[in-house]
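Novice: Following this message is one structure expressed as structure tokens.
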Amino acid sequence: MEQGKSHDYTDRVGDYNLLGDENPQLTKFDKRLPCFGCGIGWSCLLLGCLCPLIWYCAAILYLCKYYDKDPRERSGLAACAIAALVCTILASIVVAIIFL
């Protein structure tokens with residue numbers, strides 16, 4: 001065996017073959033998510049505790065399928081949509097109790 005060459009990764013001539021990804025879309029998820037790596041959805045969920053209007057903005061992103069750009073955003077945006085729904089229900093109950 002020649003020194004410095006591995007026969008596992010060579011072709012018949014002895015030149016090295018480049019090993020590439022089988023699917024080029026796999027490298028799409030190597031980059032970090034925005035908002036300090038948490039993603040827009042989870043950041044909006046945390047910031048929505050200070051201003052619930054942010055939950056509604058994130059719910060609109062969820063309903064417009066923003067997560068098609070990056071599927072890792074889906075869970076955070078869905079959590080914001082659920083938080084917005086719960087906030088709406090609680091606000092409706094409070095308003096009904098006050099005015100009825």
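Novice: Pop a pseudo-label 7 angstrom from the Cα along the beta-carbon direction at both I98 and L50 and give the gap in nm to one decimal.
Specialist: Using points 7 Å along Cα→Cβ, the separation is 2.4 nm.
Novice: Using a 7 Å offset from the Cα along the Cα-to-Cβ direction at both K65 and L85, what is the distance between the two label points in nm, to one decimal?
Specialist: Here the answer is 1.9 nm between the modelled labels.
Here, each number is a calculation from the coordinates, and none is a lab measurement. Because the structure is a prediction, the values reported are computed rather than measured. Positions of Cβ are backbone-derived with ideal geometry, glycine not excepted, and every protein chain shown enters the neighbour counts.
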